[in-house]
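Below you'll find the structure, written out as structure tokens, and then a few comments.
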Amino acid sequence: MRNRCRGASLVGKAELPNHKFLINHEGYATIAPSPKEKLYGLIWSITKQNENSLDKYEAVSKGLYLKTYKRAYEIDGKNKRNNKSYKVLLYLTKNSRFGKARKVYLEKILDAARIHKFPKSYMKKLKFWLR
């Protein structure tokens, strides 16, 4: 994110309840509703200019990704939810049919998850997509 969005700052780690990570049939990451599951990620503070850059990168105008907002909950270093919540911007693919990830693409996602010490159970779910 720092490479793509100058001036963006990391706020912290987050949990999005009732959603799961997946790779769609085109090989892109997205999320989908899934009761009782949790999705983990990072919260970034971005400018409007950053958002415009992300829109271009995620090919929003071409219909590759759609923008939406969800309520996510900040988590601490032990991956426990605290009382802070944020309205977060998410980019979702139009299609959530399962597919296969490109290894290099997914390795970047896994690296970020390792660096930020996401739960081992979640890491296992991410690694599933390397199949």
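We did not get these values from a lab; they are worked out from the coordinates using the rules stated. Keep in mind the model is a prediction, meaning the values are calculated, not measured. Neighbour counts are summed over all protein chains in view; Cβ atoms, including those assigned to glycine, are modelled from backbone coordinates with ideal geometry.
Provide the net charge surrounding GLU26, with neighbours chosen by a C-beta distance below 12 Å and charges set as Lys +1, Arg +1, Asp -1, Glu -1. Before the final figure, lay out each step's value.
Numbers: positive: LYS94, ARG97, LYS100, ARG102; negative: none.
So the environment of GLU26 carries a net charge of +4.
What base-10 log of the normalised intensity I(q)/I(0) is obtained for the chain from the Debye formula, alpha carbons as equal point scatterers, at q = 0.11, 0.22 Å⁻¹?
Relative scattering, expressed as log10 I(q)/I(0), comes to -0.38, -1.71.
Mind checking the dipole of the chain: about its Cα centre, +1 per Lys or Arg Cβ, -1 per Asp or Glu Cβ, Debye to the nearest 20? The partial results should precede the final answer.
Values: 31 positive and 10 negative charges, 72 e Å.
Charge dipole, the chain, about its Cα centre: 340 debye, nearest 20.
Give the lysines reachable from LYS127 as a straight Cα distance under 19 Å; neighbours fewer than 8 places away on the same chain don't count.
The qualifying lysines are LYS20, LYS38, LYS100, LYS103, LYS108, LYS117.
Normalised by the number of residues in the stretch 9-130, what is the relative contact order in percent for Cα pairs under 8 Å and 6+ residues apart?
29 percent
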